[in-house]
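Can you read through this structure? Questions will come right after.
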Amino acid sequence: MTAQAAARQSLFVGGSWVEPDGGHYEVIDPATEGTVGWAPEASRDQVRTACAAAREAFGAWSRTAPEERAAVLARAARIITDRGKRYAGIAQAETGATTGTARAMQVGVAAARFRRYARVEPAEWAIQPQINEAGPMGKAGVMGALAVRQPVGVVTCVTSYNNPWANPAGKIAPALAMGNTVVVKPAPQDPLSVYRMAEALEAAGVPRGVVNVVSGRSQGVGEAAVDSPDVDMVSFTGSTAVGQRIAEVCGRGMKRQLMELGGKGAALVFDDADLRSAVAGIGTTFSFYSGQICTAPTRVLAQRGVYDRLVEQLAAYAMRLKVGDPKEPDTVVGPVISAAHRDRVESYVELGRKEGAVVVTGGDRPDLPAGFYVTPTLLADCTNDMRVAREEIFGPVVVVIPFDDEEEGIALANDTDYGLIDYVWSGDVARAFRVARRLRAGGVGVNTVGRNMEAPFGGFKKSGVGRDVGSYALHAYSEVQAIVWPG
């Protein structure tokens, strides 16, 4: 695509770049408040056309040999890697991510996910033969069986704004690997990166209609992509409130759903914890994506013996972080995604003050000429019934709550509507794993905030439905069919 076309982005529907019926809207750089480009506003009819194109392409793509599908994904990974610097520049401009984050954690992770699903895995499993005695069902005999993974069909992928590369790639790559076709509806704040991903897939040789991208600020764009009769499954990353509305539509149509929703990760820090490790891990909330990440350990539960030292060290950590232009090499904390979201985060800090929390550091707006910046903020002396401790803020804000013993810590951690990822820091490994097993969360980090990218990812309670990542994503984007025959 030409630079001029990139400035006025087209939709990607049925293998063609199509002008949007609804015109274009401005994509804003959250660091400068300048214009990054112009994103297309699809009409409902154009979304339905995209879904129909995916349905038409499904038959041939689903019958394509897995090795051929894998080759397309491998080529896409190479193209993304080769264009990585340019793609990272677009991602940085759209999201306000620091340079290292845009290159490694956004574009770099996306390329890695396409490479991962370019690895062909067996789609069939033998089941132990069953010996049947003679009876009403017939003569005695041996029944063989296979469990076969079949593609679900057309998958609508509704993606989040905090990572416009890794999040869509984590949906598109396994869905295509299993033989599905996709309609991608990116977040309205930063859709241009997803169109670059479609550009890479087109260059990699993905057949017409297999991948479609439709964007827009109108709620009707997402609704049309979810409720289309051509769609068999919806994969969504975003807020719990929106996920609940999508689930209602899916329920009426008996559509498969994969939901990765909100989080309020509890970090239990016991008296015997390595405080340096705990502070470094929890401190990622202040910096990584500027706290706009559902897996962040935003709700710190500190045992009383270590509470004061932990608060002091977390405050010192936050105050050392440079907030500012994400293009500067020493910047650690960039802006949040929009002015509206900055206002939301600031309103929660003010709410915490009113609820009785102590603002240890932060709580003000950085003195910068432009951009949607929030100072890393630490709220201490919180209780678990405060709204700042119960609701997802999605910004660089950490709340700290004291607890006395193991039982109270576990009870406080589980007293939440969410259950995505929790964390435990303790020098007693046996206790750390014992506590981890009792936490009602889809994942638990023991003395780390690191991730194993083959481990299942998803949440308990209002944090989601289903699991993806690694081979679990291949299961998520497939149906299991049983084939039985007499031996």
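The values are calculated or read from the model by the stated rules, or taken from the named source; none is laboratory data. Quantities reported herein were computed from a predicted structural model and do not represent experimental measurements. Note that we place each Cβ from the backbone using ideal geometry, even for glycine, and neighbour counts take in every protein chain shown. Remember, those area values only see protein heavy atoms, side chains included, never the ligands or the DNA or RNA. Shrake-Rupley method; radii C 1.70, N 1.55, O 1.52, S 1.80 Å.
Out of the residues in segment 281-299 that are open to solvent by 10 Å² or more (accessible area, probe 1.4 Å) and not polar (S, T, N, Q), which is nearest to residue 410 (Cα to Cα)?
The qualifying residue nearest to residue 410 (Cα to Cα) is 294.
Next question. Give the number of residues within segment 300-331 that are in a loop (DSSP other than H, G, I, E, B), open to solvent by 50 Å² or more (accessible area, probe 1.4 Å) and in contact with a strand residue (DSSP E or B) (Cβ under 9 Å, 6 or more places away or on another chain).
1
Right, something else. From 231, 249, grab the single residue that is assigned to a helix (DSSP H, G or I) and either free of Cβ contacts under 8 Å to residues at least 40 places away in the same chain or more than 18 Å from the chain's Cα centre (by Cα) (or both). First the steps, then the outcome.
Details: 231 fails: assigned to a helix (DSSP H, G or I).
Matching residue, one of 231, 249: 249.
If you don't mind, another one. Which fully enclosed helices (runs of 4 or more DSSP H) of segment 1-110 have 1 or more residues being free of Cβ contacts under 8 Å to residues at least 24 places away in the same chain and within 30 Å of residue 287 (Cβ to Cβ)? Explain how you work it out, then say what you get.
Values: elements: 3-7, 44-63, 66-82, 84-95.
By residue number, 66-82, 84-95.
Still on this model: Among the listed residues 239, 277, identify the single one that is out of contact with any helix residue (DSSP H, G or I) (no Cβ under 6 Å at 6 or more places or on another chain) and either under 29 Å from residue 182 (Cβ atoms) or not hydroxyl-bearing (Ser, Thr, Tyr) (or both).
Details: 277 fails: either under 29 Å from residue 182 (Cβ atoms) or not hydroxyl-bearing (Ser, Thr, Tyr) (or both).
After applying the criteria, what remains is 239.
In addition: For residues that are open to solvent by less than 10 Å² (accessible area, probe 1.4 Å), in contact with a helix residue (DSSP H, G or I) (Cβ under 6 Å, 6 or more places away or on another chain) and of a type in the set (Gly, Ala, Ser), scanning just segment 172-211, find the one that is nearest to residue 336 (Cα to Cα).
The residue in question is 193.
Return the residue satisfying two criteria in turn: it lies in segment 71-82 and is within 23 Å of the chain's Cα centre (by Cα) and not polar (S, T, N, Q), and of such residues it is most open to solvent (accessible area, probe 1.4 Å).
Step by step, filter segment 71-82, then rank; the result is 78.
Can you name the condition, by its number, that residue 399 falls short on among (1) assigned to a loop (DSSP other than H, G, I, E, B); (2) surrounded by 23 or more Cβ atoms within 10 Å (Cβ to Cβ); (3) in contact with a strand residue (DSSP E or B) (Cβ under 8 Å, 6 or more places away or on another chain)?
(1)
So residue 436 ticks every box in (1) closer than 22 Å to residue 284 by Cβ; (2) free of Cβ contacts under 8 Å to residues at least 24 places away in the same chain; (3) open to solvent by 20 Å² or more (accessible area, probe 1.4 Å); (4) part of a helix (DSSP H, G or I) but one. Which box is left unticked?
Going through (1) closer than 22 Å to residue 284 by Cβ; (2) free of Cβ contacts under 8 Å to residues at least 24 places away in the same chain; (3) open to solvent by 20 Å² or more (accessible area, probe 1.4 Å); (4) part of a helix (DSSP H, G or I) one by one, residue 436 breaks only (3).
Right, here's the next one. Could you please find all residues in segment 135-152 being assigned to a strand (DSSP E or B) and closer than 30 Å to residue 477 by Cβ?
143, 144, 145, 146, 147, 148, 149, 150, 151
Criterion first (assigned to a helix (DSSP H, G or I), out of contact with any Lys or Arg (no Cβ under 7 Å at 6 or more places or on another chain) and surrounded by 14 or more Cβ atoms within 10 Å (Cβ to Cβ)) does residue 413 satisfy it?
yes
I'm trying to understand the selection: among the residues of segment 204-229, which are among the β-branched types (Val, Ile, Thr) and farther than 12 Å from residue 185 by Cβ?
Passing the criteria: 206, 210, 211.
In segment 439-461, which residue that is small (Gly, Ala, Ser) and surrounded by 13 or more Cβ atoms within 10 Å (Cβ to Cβ) is nearest to the chain's Cα centre (by Cα)?
Per the stated criteria, the residue is 458.
Right, next: If I ask for residues that are open to solvent by less than 10 Å² (accessible area, probe 1.4 Å) and in a loop (DSSP other than H, G, I, E, B), which ones from segment 417-433 would you list?
Once the filter is applied, which keeps residues that are open to solvent by less than 10 Å² (accessible area, probe 1.4 Å) and in a loop (DSSP other than H, G, I, E, B), segment 417-433 yields 419, 420, 426.
List the number of the failed condition for residue 379; all other conditions in (1) assigned to a helix (DSSP H, G or I); (2) open to solvent by less than 10 Å² (accessible area, probe 1.4 Å); (3) farther than 17 Å from residue 288 by Cβ hold.
Looking at each condition in turn, residue 379 falls short on (1).
Only one of (1) at pLDDT 95 or above; (2) over 25 Å from the mean Cα position of the chain (by Cα); (3) loosely packed, with under 14 Cβ neighbours inside 10 Å; (4) closer than 21 Å to residue 97 by Cα fails for residue 356. Which number is that?
Just one mismatch for residue 356, condition (4).
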